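Peer 1: Once you've had a glance at the structure underneath, I'll fire off some questions.
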Amino acid sequence: MGSVRYRMRVAVVGAGSPLKTEASITRACRSLGCETLHLNVPGTSQWLGPLAPPLLWRRMAGFHPDLVLLTVRAVRLGEHYLTRIAERFSTAFWYFDYLLTPDAVKVARLAGTTFVSSTQHVGHLGAAGVGKVYFMPQGVDPEVDRPPDEIPESFVCEVSFIGSGAVPGAA
């Protein structure tokens, strides 16, 4: 008899646009062989209003994930459903925005483990009562992030600054 390879089941719960980080996370999980469910909380909420949280909950619970990966947009499920997720499934929250928001703190407090892309959030979330917080830098998605084949003449310059934009305290 051959061996059976276990496929981890991961639910990614957050925004749904194909260019959002959640879509990249979903592609990464699938490329690793995980069975993956991607729930678009803002989009479903926009279309279904108050029906969205219970319907998304049922879809996810029926999927029986081994891990639920939350992003800040999952906050639109409401505290009731986020609490149910955290109580029933292994959960992780990945916060990859620069400015820490009240919504991020709310989701982080409910998740089992929190990962942040900005090192300063580790201390801030710990002080806010979040148990397990770890720094994890954000990578790139080779399906979306790649150098252009051609560079328009208007983009060519002798000096360029690449940075974080309008970030308080950035040089």
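Peer 1: If you check Arg73 against the conditions, is it touching a residue at least 12 places away in the same chain (Cβ under 8 Å), open to solvent by 70 Å² or more (accessible area, probe 1.4 Å), farther than 25 Å from Thr101 by Cβ and of a type in the set (D, E, K, R)?
Peer 2: Numbers: touching a residue at least 12 places away in the same chain (Cβ under 8 Å): yes; open to solvent by 70 Å² or more (accessible area, probe 1.4 Å): yes; farther than 25 Å from Thr101 by Cβ: no; of a type in the set (D, E, K, R): yes.
Spelling it out, it is not the case that Arg73 is touching a residue at least 12 places away in the same chain (Cβ under 8 Å), open to solvent by 70 Å² or more (accessible area, probe 1.4 Å), farther than 25 Å from Thr101 by Cβ and of a type in the set (D, E, K, R).
Peer 1: Sticking with this structure for a sec: Taking the residues in segment 15-30 that are open to solvent by 20 Å² or more (accessible area, probe 1.4 Å) and closer than 21 Å to Gln46 by Cβ as candidates, determine which candidate is modelled with the lowest pLDDT.
Peer 2: Top of the filtered list is Leu19.
Peer 1: Give me the pairs, please: first residue somewhere in segment 19-48 and closer than 10 Å to Asp141 by Cα, second residue anywhere and open to solvent by less than 50 Å² (accessible area, probe 1.4 Å), beta-carbon distance under 6 Å, and either six or more positions apart or on two chains.
Peer 2: Thr21/Phe96; Ser24/Asp141; Ile25/Val12
Peer 1: When segment 89-115 is examined, which residues are found to be hydrophobic (A, V, I, L, M, F, W, C) and either touching a helix residue (DSSP H, G or I) at 6+ places or on another chain (Cβ under 9 Å) or over 17 Å from Glu22 (Cβ atoms) (or both)? First the steps, then the outcome.
Peer 2: We begin by selecting, within segment 89-115, every residue hydrophobic (A, V, I, L, M, F, W, C); these are 89, 92-94, 96, 99-100, 104-105, 107-108, 110-111, 115.
Result: Phe89, Phe93, Trp94, Phe96, Leu99, Leu100, Ala104, Val105, Val107, Ala108, Leu110, Ala111.
Peer 1: If you take the residues of segment 116-142 that are touching a residue at least 24 places away in the same chain (Cβ under 8 Å), part of a loop (DSSP other than H, G, I, E, B) and in contact with a helix residue (DSSP H, G or I) (Cβ under 6 Å, 6 or more places away or on another chain), which of them is surrounded by the most Cβ atoms within 10 Å (Cβ to Cβ)?
Peer 2: For segment 116-142, the residue satisfying everything is Val130.
For every residue, the table says whether it meets (1) part of a helix (DSSP H, G or I); (2) at pLDDT 75 or above; (3) open to solvent by 90 Å² or more (accessible area, probe 1.4 Å).
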residue: Asp97; (1), (2), (3): no, yes, no
residue: Leu100; (1), (2), (3): no, yes, no
residue: Thr114; (1), (2), (3): no, yes, no
residue: Asp145; (1), (2), (3): no, no, no
residue: Ile151; (1), (2), (3): no, yes, yes
residue: Ser160; (1), (2), (3): no, no, no
residue: Gly163; (1), (2), (3): no, no, no
residue: Pro168; (1), (2), (3): no, no, no
residue: Ala171; (1), (2), (3): no, no, yes
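Peer 1: Got a number for residues in segment 1-14 being at pLDDT below 95 and within 17 Å of Gly139 (Cβ to Cβ)?
Peer 2: Initial filter on segment 1-14 (at pLDDT below 95): 1-8.
Add one more test, that the residue is within 17 Å of Gly139 (Cβ to Cβ), and what stays is none.
So the count comes out to 0.
Peer 1: Next question. Could you list, in sequence order, the residues of segment 76-95 that are open to solvent by 20 Å² or more (accessible area, probe 1.4 Å) and either among the β-branched types (Val, Ile, Thr) or at positive phi (or both)?
Peer 2: Passing the criteria: Gly78, Thr83.
Peer 1: In this structure, is Leu55 more than 21 Å from Asp141 (Cα to Cα) and among the aliphatic types (A, V, I, L, M)?
Peer 2: Numbers: more than 21 Å from Asp141 (Cα to Cα): yes; among the aliphatic types (A, V, I, L, M): yes.
Here the answer is yes, as Leu55 does meet what is asked.
The values are calculated or read from the model by the stated rules, or taken from the named source; none is laboratory data. Predicted model only: the values in this text are computed from it and were never measured. No Cβ is skipped: glycine too gets one built from the backbone with ideal geometry, and neighbour counts run over all protein chains shown. Note: accessible area is taken over every heavy atom of the protein model, side chains too, but ligands, DNA and RNA are not part of it. Shrake-Rupley method; radii C 1.70, N 1.55, O 1.52, S 1.80 Å.
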